[in-house]
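Undergrad: Okay, handing you the structure first.
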Amino acid sequence: MPRFLPYTSKRPAGWWLRNPRYLLFQAREVGGILTAAYGLVLLYQLRQFHRGPSAFEWFQAMLQSPPVVLLTFVVFGFIMVHALTWFQSLARAQPVALTKRPMPWRQAFAVTVVLWILVSVVVLYLFFGGL
Amino acid sequence: MAEKDVVFRVKRYRPGHDAAPHYQEYRIPYTDDMVVLDGLNYIKDQIDPTLTFRWSCRMGICGSCGASVNGKLRLTCGIFIKEVRGRAVTVDPMPNFPILKDLVVEFDDFLRKLQDVKPYIVRGEEKPLAEGEYLQTPEDVEAYRQQSMCINCMLCYSACPVFAASDHFVGPAASALAYRYIRDSRDEGADERLGILSTKTGIWECTFVGECSVVCPKDVDPAGAIQNLKVLASIRQMRELLVPKWARR
């Protein structure tokens with residue numbers, strides 16, 4: 001009797017567009033890469049500062065040009081998606097149990113986001129002396 | 001109850017006959033109390049006996065009748081025809097698995113992975129029968145109750161984009177069941193299981209998309225179980241690195 005092989009299909013290239021949660025996951029991953037890339041930009045800014053006032057001013061002017069400002073807003077959006085989806089994932093998994101039973105994930109998510117905002121406000125205050 | 005008509009678009013594949021799967025349409029009468037599985041059974045009994053699909057209990061316990069219904073991964077016994085949105089009820093076999101025939105897919109790969117993670121209680125040494133059973137408190141049972149609900153329906157594997165990209169990934173259900181036994185107070189196989197799971201093809205491949213937990217019909221939360229396994233595996237690794245052998249329990 002001939003052995004009939006099972007049919008194996010390939011995953012379509014646009015699989016992540018078919019489900020909003022897959023799309024959000026992809027945005028989270030892209031946000032992670034962009035976070036690392038923006039860290040490199042900040043390091044380069046430090047290097048320009050080390051090179052002297054003219055190099056630093058040139059870089060600052062470049063950062064303030066409209067296309068770069070637009071790009072920065074796009075990167076900021078992705079980083080926000082990354083941060084929020086990360087806190088959401090943390091709330092869903094709760095690998096470190098702080099309470100006897102896992103907290104409802106929405107509650108845990110809200111707590112982490114509030115803490116994140118508080119820490120951000122403290123950091124802004126320390127660096128810029130206010131918002 | 002008034003009967004209405006609905007069109008079922010069912011993915012068909014006959015091995016050795018069809019080069020690729022294709023849709024076949026059936027118009028059937030239905031009532032509001034019919035689930036998608038009832039519709040498939042109507043087609044098989046009344047219209048086309050060659051249509052092949054798995055089912056058994058009809059009450060969401062056996063986990064046999066999983067499929068993609070209008071793009072959503074569901075147990076076909078758990079969704080009413082009247083709930084399905086769209087002009088037709090489109091039934092596809094579960095994605096990410098080889099199709100054997102029509103809606104029947106091959107699970108051999110999962111069964112091998114499940115065996116690897118030892119989904120049973122492992123004891124170093126059994127106590128004598130005369131000493132009685134292994135007792136557990138309600139808290140002990142609660143520690144693994146959620147993961148013990150897994151019915152091996154495989155919807156989580158169908159939803160997992162990591163498994164779709166690399167089928168050597170141990171996957172959600174096998175990991176959740178491994179976690180279930182690790183959390184069992186009677187079990188002594190945690191170290192062995194974590195050694196098996198904490199590999200390149202194990203839990204570290206999971207990127208926490210979380211869709212496995214969304215589609216799970218029994219709320220097992222395999223994604224959460226995998227993240228917890230990552231923490232346990234990290235602690236185990238740190239203990240091996242930092243604690244001398246004689247000081248480990």
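Undergrad: Within segment B:191-216, how many residues are among the hydrophobic types (A, V, I, L, M, F, W, C) and facing chain A (nearest Cβ under 9 Å)?
TA: Initial filter on segment B:191-216 (among the hydrophobic types (A, V, I, L, M, F, W, C)): B:194, B:196-197, B:203-204, B:206, B:208-209, B:212, B:214-216.
Keeping just the survivors that are facing chain A (nearest Cβ under 9 Å) gives B:208-209, B:214.
Number of matching residues: 3.
Undergrad: Right, here's the next one. Quick one: which residue in A:Leu71, A:Leu63 is touching a helix residue (DSSP H, G or I) at 6+ places or on another chain (Cβ under 8 Å), surrounded by 10 or more Cβ atoms within 10 Å (Cβ to Cβ) and away from every other protein chain (no Cβ under 14 Å)?
TA: A:Leu63
Undergrad: Would you mind finding the one in B:Val6, B:Val10, B:Val36 that is farther than 27 Å from A:Phe4 by Cα, out of contact with any Phe, Trp or Tyr (no Cβ under 6 Å at 6 or more places or on another chain) and among the β-branched types (Val, Ile, Thr)? Reasoning before the result, please.
TA: On the way: B:Val6 fails: out of contact with any Phe, Trp or Tyr (no Cβ under 6 Å at 6 or more places or on another chain); B:Val10 fails: farther than 27 Å from A:Phe4 by Cα.
None of the other options fit; the residue is B:Val36.
Undergrad: Among the residues of segment B:54-86 satisfying the criterion of being open to solvent by 90 Å² or more (accessible area, probe 1.4 Å) and not in a loop (DSSP other than H, G, I, E, B), which is farthest from A:Arg21 (Cα to Cα)?
TA: So the residue we want is B:Lys82.
Undergrad: A further question on this structure: So, of the residues in segment B:215-249 that are outside any helix (DSSP H, G or I) and of a type outside the set (A, V, I, L, M, F, W, C), which turns out to be farthest from B:Leu177 (Cα to Cα)? I'd like the intermediate steps shown before the answer.
TA: Of segment B:215-249, the ones outside any helix (DSSP H, G or I) are B:216-221, B:243-244, B:248-249.
Next cut, of a type outside the set (A, V, I, L, M, F, W, C) only: B:217-219, B:221, B:244, B:248-249.
Numbers: B:Pro217: 15, B:Lys218: 13, B:Asp219: 13, B:Asp221: 11, B:Pro244: 31, B:Arg248: 26, B:Arg249: 25 Å.
Looking at the filtered set, the residue picked out is B:Pro244.
Undergrad: Next question. Hey, among the residues in segment A:2-24 that are over 16 Å from B:Asn96 (Cβ atoms), facing another protein chain (nearest Cβ under 10 Å) and hydrophobic (A, V, I, L, M, F, W, C), which one's surrounded by the most Cβ atoms within 10 Å (Cβ to Cβ)?
TA: Out of the qualifying residues, it is A:Leu24.
Undergrad: Hey, another quick one. So A:Ala37 fits all but one of (1) more than 9 Å from chain B (Cβ to nearest Cβ); (2) more than 12 Å from A:Phe78 (Cβ to Cβ); what number is the exception?
TA: Answer for A:Ala37: the failing condition is (2).
Undergrad: Please identify the pairs in which a residue from segment B:146-166 that is in contact (Cβ under 8 Å) with a residue 60 or more places away in the chain has its Cβ atom under 7 Å from the Cβ atom of a residue that is surrounded by fewer than 21 Cβ atoms within 10 Å (Cβ to Cβ) and of a type in the set (Gly, Ala, Ser), counting only partners at least 6 apart or on another chain.
TA: Qualifying pairs under 7 Å: B:Ile151/B:Gly63; B:Asn152/B:Gly63; B:Cys153/B:Gly63.
Undergrad: Working only within segment B:18-49, note down all residues that are part of a loop (DSSP other than H, G, I, E, B), free of Cβ contacts under 8 Å to residues at least 40 places away in the same chain and either closer than 15 Å to B:Ile81 by Cβ or β-branched (Val, Ile, Thr) (or both). Full working, then the answer.
TA: The first filter runs over segment B:18-49 and keeps only residues part of a loop (DSSP other than H, G, I, E, B), leaving B:18-21, B:31-34, B:48-49.
If we keep only those that are free of Cβ contacts under 8 Å to residues at least 40 places away in the same chain too, we end up with B:18-20, B:31, B:48-49.
Within segment B:18-49, B:Thr31 is the sole residue that qualifies.
Undergrad: For segment A:88-116, give me the residue count where each residue is open to solvent by less than 90 Å² (accessible area, probe 1.4 Å) and at pLDDT 90 or above. Spell out the reasoning first.
TA: Within segment A:88-116, the first condition is being open to solvent by less than 90 Å² (accessible area, probe 1.4 Å), and the residues that meet it are A:88-91, A:93-95, A:97, A:99, A:103-105, A:108-114, A:116.
Those still in the list that are at pLDDT 90 or above too: A:109-114, A:116.
Qualifying residue count for the region: 7.
Undergrad: May I ask you to say which residue of B:Asp219, B:Asp116 is within 13 Å of another protein chain (Cβ to nearest Cβ), out of contact with any Gly (no Cβ under 8 Å at 6 or more places or on another chain) and surrounded by fewer than 22 Cβ atoms within 10 Å (Cβ to Cβ)? Give the steps one after another, and end with the answer.
TA: Details: B:Asp116 fails: within 13 Å of another protein chain (Cβ to nearest Cβ).
From the options B:Asp219, B:Asp116, the qualifying one is B:Asp219.
The values are calculated or read from the model by the stated rules, or taken from the named source; none is laboratory data. All values reported here derive from a predicted model rather than from experimental measurement. As a convention, Cβ positions derive from the backbone with ideal geometry for all residues, glycine included, and neighbour counts pool all protein chains shown. Note: areas computed on protein heavy atoms with side chains; ligands, DNA, RNA excluded. Shrake-Rupley method; radii C 1.70, N 1.55, O 1.52, S 1.80 Å.
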